[in-house]
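First up is the structure itself, then whatever we jot down about it.
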């Protein structure tokens, strides 16, 4: 008995994987190899991008994230190949050609196609035919060789009523089922037909028996579009309609042309004795097996691509929102507006600390404007309030109209409508209960509204990003991938801005590179027990806070007025020695370099590079010393909505209104014009030039002057145009030119 040689599994080769990823992403092999090594060593993406530029050739966070994602896919593909190789090897069916094909497969789909004939499956018509002894007949018919005998004599041995084969037709049907399954499992045939179906169209119809009158899907009740032109947001809309039972979805192609081509590919002998039956088998294979399975696969692939694009858009919007300009160091009065239950009022001081709260009733049904005005005036004067933040939910415009009276009496106070999406979720969360155990949920919500104006980043990190309201179809996409992408965006924003170690909440600290929720809790507990941190190094006294966590996090943590001046900057402690060398050469102390542009201008960066710290890091250090601890966010400026335009009923075609972008999608941008219903600037109305990607023109938080194109009260939709405003501005500029 011959012993089979052991199976050699596919192994992870860093150089091969790095080369493949570099080709896929259009990056240098050495930089990718460096990024992979750093990721494998447990370094975070923000840390690598900021403090390990020498090893990666200066890759940014997005590029490193792409390498990380590609590395995950490559590892998963290797794992998939090995599982398939093992399964086929254990069946004794792994020959050299098949093994080579599996090892060379470029994606999981190719691996799965090769594995399909060997995969254990539920009982099919083909397995039943095999159980009835018809596989030899299938082999004979599939060979399509010229036969010297009659049909009857060939079929006679396979007729066995005891096994359920009563007639020659039944024997041929069973053989055809086996052949159809073989053809359907052929990798080359599947690849060809997959490509053909991908050139077809999506066809949607209102599903039979659906009684709903849902305007969300009415445009798809009789709809056709080539797959190649199908935008991701339409894929997701169709998918949602199908999931909710409103739509039936199919791929539409020229079936006659494709089956005729399959005839030419699969039928090799035009004079074959069973040619007619094989022609029918081709039709059966295509209609029953190939097209349904591959259509499902293509629709699934379309959905996966659409989900990735939706996640990317969501992540981009979230990043812009998190980095929105903060109203720093200002006392703010926050209002969670309401009618019957009144408006919940809070005041936070310049550090975000809650210093007062109350309830007033300036709106219907009480209309106690005098009492509300007295209370708000008292709070404004007592706490030197500069801004009033009003949540944009129920009664927001009515409350804003009331607050306008206060502005006249207090010229230094400005009123701002704040997007309150997610505030109610925060108010009921464990984080809010820990912060304010004795406060009502609505009061906590008012605190969140005030704080997200004062420091959007610090407050929004406390809320599940999916609830912040800057995405579409967030509940329809892959939740694991969505969470990974959004967590990555939040982490990037937090580390880009930096975190005050002595004031940051546990939620904010948890997103700092290398920390996470448990260490964040430990830091807060240590701070409460032992007092403020005087140096970054004091972090090492926190239980379970080791050298690796310190390495990853220290550069992103700030200590104001601490024992070490450099701790207030983004210079990493591992590079303090470089700052000291620069200071020694200039004849001053390290702390004297902070903010001294004139002294730093003449420093020769190259002369300080050594085996430990390279030129890119030296340049970063000099830039940081020039503007230490700078906040990359822009300065805050309040936005005022148009007076008298309080609801969609007040909006009319032709109006020009100022608004703020709340969401950017592939098909346009949603703009809040202050009427509780965001208007849509379709991509075709965003600019006077052609726009393919709206994110290249606008972003969340941008302020736009738009013209109202149409108002649909039935569907509560507002169509807006930025293009018309820009066109008029351009014409006016040309007219004014000499």
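No lab work stands behind these numbers, since they all come straight from the coordinates. Since this is a predicted model, take the numbers as computed values, not measurements. When we count neighbours, we look across all protein chains shown, and the Cβ atoms used for this are built from the backbone with ideal geometry, even at glycine.
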- Message: Taking 2.2 N^0.38 Å as the expected size of a compact globular protein, what ratio does the Cα radius of gyration of the stretch 14-118 give against it, to two decimals?
- Response: 1.29
- Message: Quick check: from the Cα gyration tensor, does the stretch 65-149 come out rounded (a/c under 1.5), prolate or oblate?
- Response: prolate
- Task: Specify whether the C-alpha gyration tensor of the stretch 648-736 places it in the rounded, prolate or oblate class, a ≥ b ≥ c being the square roots of the eigenvalues: rounded for a/c under 1.5, otherwise prolate if a/b is larger than b/c and oblate if not.
- Result: oblate
- Query: Modelled label-to-label distance, residue 374 and residue 143, 7 Å Cα→beta-carbon offset: nm?
  - Reply: 10.5 nm
- Task: Just subtract the alpha-carbon distance of residue 252 and residue 37 from 0.36 nm times their residue separation and send over the number in nm, one decimal.
- Result: 72.7 nm
- Message: Could you sort the peptides 184-196, 676-688, 256-268 by per-residue average Cβ neighbour count (10 Å cutoff), highest mean leading?
- Response: 676-688, 184-196, 256-268
- Please report, in Å, the Rg and the Dmax of the stretch 523-675, where both are computed over Cα atoms only. 23.7, 70
- Message: Quick check: the distance between the Cα centres of the stretch 57-107 and the stretch 607-656, to the nearest angstrom?
- Response: 41 Å
- Task: From zero up to wherever the largest Cα-Cα distance of the stretch 349-438 sits, split into 10 Å bins and tell me the percent of pairs in each.
- Result: 14, 43, 36, 7
- Item | Order of 636, 223 - criterion: other Cβ atoms within 10 Å of each residue's Cβ, fewest first | 636, 223
- Item | Distance between modelled label sites at residue 728 and residue 62, nm, 7 Å Cα→Cβ extension | 3.4 nm
- Globularity index of the stretch 24-76, i.e. its alpha-carbon radius of gyration over 2.2 N^0.38 Å: 0.98
- Which percent, nearest 5, of DSSP beta bridges in the stretch 648-736 are antiparallel? 90 percent
- Of all alpha-carbon pairs in the stretch 129-245, indicate the percentage at a distance above 22 angstrom. 59 percent
- Message: Suppose the chain between residue 355 and residue 15 were pulled fully straight at 0.36 nm per residue; how much longer would it get relative to their current alpha carbon spacing?
- Response: 116.5 nm
- Query: What is the gain in length, in nm to one decimal, between residue 124 and residue 487 on full extension, counting 0.36 nm per residue of separation less the C-alpha to C-alpha distance?
  - Reply: 126.2 nm
- What fraction of the DSSP beta bridges in the stretch 332-454 is antiparallel, stated in percent and rounded to the nearest 5? 55 percent
- Query: For the stretch 377-454 and the stretch 332-364, what is the separation of their Cα centres, given in Å?
  - Reply: 5 Å
- Query: Where both residues lie in the chain, what percent of DSSP beta bridges are antiparallel, nearest 5?
  - Reply: 75 percent
- Return one number: the angle in degrees, 0 to 90 and rounded to the nearest 10, between the long axis of the Cα atoms of helix 516-530 and the longest principal axis of the Cα atoms of the chain. 20 degrees
- residue 577 versus residue 405: modelled label distance in nm, points set 7 Å from Cα along the beta carbon direction: 6.8 nm
- FRET efficiency for residue 612 and residue 500, using Cβ-Cβ distance with R0 set to 30 Å, rounded to 0.05: 0.55
- Message: I need the semi-axes of the equivalent ellipsoid of the chain: take the C-alpha gyration tensor, multiply each eigenvalue by 5, square-root it, list largest first in whole angstrom.
- Response: 60, 37, 24
- To the nearest 10 degrees, how steeply does helix 723-736 sit against the main Cα axis of the chain, on a 0 to 90 scale? 60 degrees
- Query: Once you have the alpha carbon radius of gyration of the stretch 551-592, what is it after dividing by 2.2 N^0.38 Å, with N set to its residue count?
  - Reply: 1.16
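Mind giving me the FRET efficiency for residue 464 and residue 717? R0 is 25 Å, r the Cβ-Cβ distance, nearest 0.05 is fine.
0.35
Need one word for the stretch 299-381: rounded, prolate or oblate. Basis is the Cα gyration tensor (sqrt eigenvalues a ≥ b ≥ c); a/c below 1.5 gives rounded, then a/b vs b/c decides. Write down the numbers at each step before the final one.
Values: a/c = 5.03, a/b = 2.06, b/c = 2.45.
Oblate, because a/c is 1.5 or more while a/b does not exceed b/c.
Per the Kirkwood definition applied to all pairs of different Cα atoms, how many angstroms is the hydrodynamic radius of the stretch 166-217?
Value: 15.2 Å, from the Cα pair sum.
So if R0 is 41 Å, what FRET efficiency would residue 602 and residue 667 give, r being the distance between their Cβ atoms, rounded to the nearest 0.05?
Once rounded, the FRET efficiency stands at 0.20.
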- Query: Angle, helix 255-266 long axis vs. longest principal axis of the chain, Cα atoms, 0 to 90°, nearest 10?
  - Reply: 60 degrees
- Query: Based solely on its DSSP helices, what 222 nm [θ] is calculated for the chain when runs of n ≥ 4 H residues each add -39,500 (n - 2.57) and the sum is averaged over all residues, nearest 500 deg cm²/dmol?
  - Reply: -14500 deg cm²/dmol
- For the chain: relative contact order, % (alpha-carbon pairs under 8 angstrom, 6 or more apart): 9 percent
